[in-house]
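Let me begin by presenting the structure, written as structure tokens, before commenting on it.
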Amino acid sequence: MPPPLGAAAPAPAATAPSFIHLALSTRRRVPAPRAAAAASVPASHSSHEHDALLLHRAADVADRSAGLTSPHPNFGCVIARPKRETDSADSLVVGEGFLYAQGTPCAELLAAQEAGEHARGATAYLNLEPGDCYGDSTAVRSLVQAGITRVVVGLRHPLKHLRGKAIQALRSEGIQVDVVGEDLQNILFEEALKSCLTVNAPLLYRAAFHVPFSVLKYAMTADGKIAASSGHASWISGKASRGRVFELRGRSDAIIVGGNTVRFDDPRLTARHIKGHVPVRIVMSQSLNLPEEANLWNVNDAYTIVATQRGARRDFQKKLARKGVEVVEFDMLNPRDVMSYCYDRGYLSVLWECGGTLAASAISASVIHKVYVFMAPKIIGGLNAPTPVGELGMSQMTQAIDLIDHSYEKIDRDMLLSGYIQPIPDLSPVIPSMDEIPSVDPEVSPYETNIISFYKTWDTFGAFSNFSPHPIHMPDENGDSFMWPTVEHYYQAHKFIGMDNPEARIIVQEIKLAKSPEEAARIGRTRQKEFPELVRADWETTKIDVMYRAIKHKFSTYPSLTNMLLSTAGSVLVEASPHDLFWGGGREGEGLNYLGRLLMQLRSEILGTFPASVEVGEAA
Ligand SMILES: NC(=O)C1=CN([C@@H]2O[C@H](COP(=O)(O)OP(=O)(O)OC[C@H]3O[C@@H](n4cnc5c(N)ncnc54)[C@H](OP(=O)(O)O)[C@@H]3O)[C@@H](O)[C@H]2O)C=CC1
Ligand SMILES: Nc1c(N[C@@H]2O[C@H](COP(=O)(O)O)[C@@H](O)[C@H]2O)[nH]c(=O)[nH]c1=O
């Protein structure tokens, strides 16, 4: 049985004009075709209260997966049976679940399994409309099959090609669907809606502004310094606060620092006390005047990218590349361009742990959305001691940036102040009517005509990605049929299959058991780097065949995918990975795009215009 309905996350102690309040009052009511809704009676105050509490709980449940695997939206589902007069809110919950990662059982299925027979006639609370994309309707099916009669949705899916689909599917099954702000409009939903927005803030920013959600975090003394005049900064905040920083890192896709921070602190920037997700480390340095040896160059801890000015110290760039550090050149290194690069790379959230110079530059470029300030009860003084934010060009206090929806928390001896610089976008005012939702059709593709890009699984053509949640039955290392959760699992494992070595076999097991394609990729790539001797000798020459076998199997298993592939006939398919120059197309088209080529080859093969045995390299 799930734990009792605990106290909701503490409300902010003081609240500036709340974006949530704004959201509830400005949301547009969407006239949507309704099946069962007509039977609903006007909701009472107490039923609103219950709905709000349980929806809040769904958002809290969704938060359990934050950062475990990235990037994916956080979905939570709470199933509660109908309330009787004497029931307390605690006793209503019969099942709950959250999505661990794309490709793992969805929140709705887990909650329905936990609820069992109690789900009949019950209400399901979802913080976010399920992303029932490319024919995978497990979430909707689970609720329908469980006998759920009402669904309360906190937010519609923010991605346009998914928005409204699952809601429509549920309604067409006769289930009453109440969406907060549309069907449920009451101030009692304010806190619940806020938690739904917060738990997926990175996704909402990404969808609305095409940038990753950026958080600036710093630790300062009570006199507002982030280091002594000497530049020494370890440590300002206490152990408990630094533990919270590890948590923040674990929820982020990337951590950014500037060149000075590397020179002064030699940081590691790992989420070392948190199991699971390992963020990428990014150094922004114009001069590239960085140390030869640094903790960040140890890429076994975590992947490192150095973003620099085009042409800067090419000799040093090569040295970094030899250590496995990726160097990315920019025509004009600045926070905005680095953020669009991160967006292209599919990052949802970025943590800025830089000093005041870069922080000021990032705030001025309007890329920072939220700040976390750890304030320690210490005074260091020093006229030249660095402060958290450098020059912003403001001369009047009236120009100061107001933090909205801010909150305070005591962490041992320190105080944590957090607040938003830019409000979380609420996308509901732009909800399209049902007939505005695009179907999968290259004509409505947001991409350039004749080129269809795909990369992240949530893209319109995201099902072409090897990370898409389409399990394939194929032989394993013993020749036995095995259900590989994704093509990525199959591909990564095959780096080590066929090696007569117990350690290689252990790695294959690890990859087979990986809970998500992200995990499988992480294990495969790091083990390949750490133990090159365990990788099969013919890997470079066989990897294309391995990949082709797997994608061919995937498309033949799922007819909806084949239809989607055929619908792209005449278009060039490009895996828009900005960093994988073998499988992807690269940032500026410099990549070999082998995944795109294989898909085009498969498409031709299905259409009968391409013989099955021709070399892939000749296909594109
Ligand atoms: N207490 C805390 O939370 C923290 C404290 N610190 C402390 O702060 C001090 C360093 O602060 P600071 O000098 O501000 O360092 P930063 O390293 O954060 O930022 C400055 C550096 O960022 C690089 N950079 C790249 N692009 C830009 C851009 N567009 N705008 C600005 N900078 C850019 C440059 O590196 P390059 O010169 O290589 O070209 C520049 O020197 C250290 O003493 C460190 O210990 C640092 C982080 C957090
Ligand atoms: N000094 C200071 C912080 N400094 C930040 O942490 C980085 C060091 O991270 P790591 O090497 O992984 O431990 C450092 O470069 C800077 O970005 N952070 C804090 O929470 N509290 C502190 O007092």
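Residues in the stretch 456-475 that are over 17 Å from Tyr343 (Cβ atoms) and open to solvent by less than 20 Å² (accessible area, probe 1.4 Å): Phe461, Ala463, Phe464, Asn466, Ser468, His470, Ile472, Met474.
When you go through Ile148, Ile167 one by one, which is the residue that is assigned to a helix (DSSP H, G or I), touching a residue at least 60 places away in the same chain (Cβ under 8 Å) and either buried (at least 24 other Cβ atoms within 10 Å of the Cβ) or aliphatic (A, V, I, L, M) (or both)? Lay out the reasoning, then the answer.
Values: Ile148 fails: assigned to a helix (DSSP H, G or I).
Testing whether each residue is assigned to a helix (DSSP H, G or I), touching a residue at least 60 places away in the same chain (Cβ under 8 Å) and either buried (at least 24 other Cβ atoms within 10 Å of the Cβ) or aliphatic (A, V, I, L, M) (or both) leaves just Ile167.
In the stretch 309-347, of all residues being under 15 Å from Ala254 (Cβ atoms) and assigned to a strand (DSSP E or B), the one that is nearest to ligand 1 (Cβ to nearest atom) corresponds to Val328. Pairing each residue of the stretch 328-341 that is of a type in the set (Gly, Ala, Ser) with any residue that is open to solvent by 10 Å² or more (accessible area, probe 1.4 Å) and more than 9 Å from ligand 1 (Cβ to nearest atom), provided the two are 6+ apart or on different chains, yields C-beta distances under 9 Å for Ser340/His210; Ser340/Val211.
Residue by residue, here is whether (1) within 22 Å of the chain's Cα centre (by Cα); (2) within 12 Å of ligand 2 (Cβ to nearest atom); (3) of a type in the set (Gly, Ala, Ser) holds:
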site: Arg322; (1), (2), (3): no, no, no
site: Val325; (1), (2), (3): no, no, no
site: Glu329; (1), (2), (3): no, no, no
site: Met332; (1), (2), (3): no, no, no
site: Ser340; (1), (2), (3): yes, no, yes
site: Tyr347; (1), (2), (3): yes, no, no
site: Ala360; (1), (2), (3): no, no, yes
site: Ala376; (1), (2), (3): no, yes, yes
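Of the residues Asp412, Asp441, Asp402, the single one that is at positive phi, open to solvent by 40 Å² or more (accessible area, probe 1.4 Å) and either modelled with pLDDT of 90 or more or not assigned by the TED database to the domain that holds Ser349 (or both) is Asp412.
Where helices (runs of 4 or more DSSP H) fall wholly inside the stretch 185-285, the ranges with 2 or more residues that are within 15 Å of ligand 1 (Cβ to nearest atom) and either more than 18 Å from the chain's Cα centre (by Cα) or without any contact (Cβ under 8 Å) to a residue 12 or more places away in the chain (or both) are 239-250, 259-265.
Put simply, of Ser349, Ser361, Ser366 the only residue that is hydroxyl-bearing (Ser, Thr, Tyr) and either outside the structural domain of Ser234 (by the TED database) or surrounded by fewer than 19 Cβ atoms within 10 Å (Cβ to Cβ) (or both) is Ser366.
Within the stretch 260-283, restricting attention to residues that are at pLDDT 95 or above and in contact with a Leu (Cβ under 6 Å, 6 or more places away or on another chain), the residue that is nearest to ligand 2 (Cβ to nearest atom) is Val262. Of all residues being of a type outside the set (A, V, I, L, M) and under 18 Å from Leu290 (Cβ atoms) in the stretch 324-346, which is surrounded by the fewest Cβ atoms within 10 Å (Cβ to Cβ)? Just the residue, please. Filtering first and then ranking leaves Gly324.
The values are calculated or read from the model by the stated rules, or taken from the named source; none is laboratory data. Please read these numbers as outputs of a predicted model, since none were measured by experiment. Backbone-built Cβ (ideal geometry, glycine too); neighbour counts: all protein chains shown. Side chains included, ligands, DNA and RNA excluded: accessible areas come from the protein's heavy atoms. Shrake-Rupley method; radii C 1.70, N 1.55, O 1.52, S 1.80 Å.
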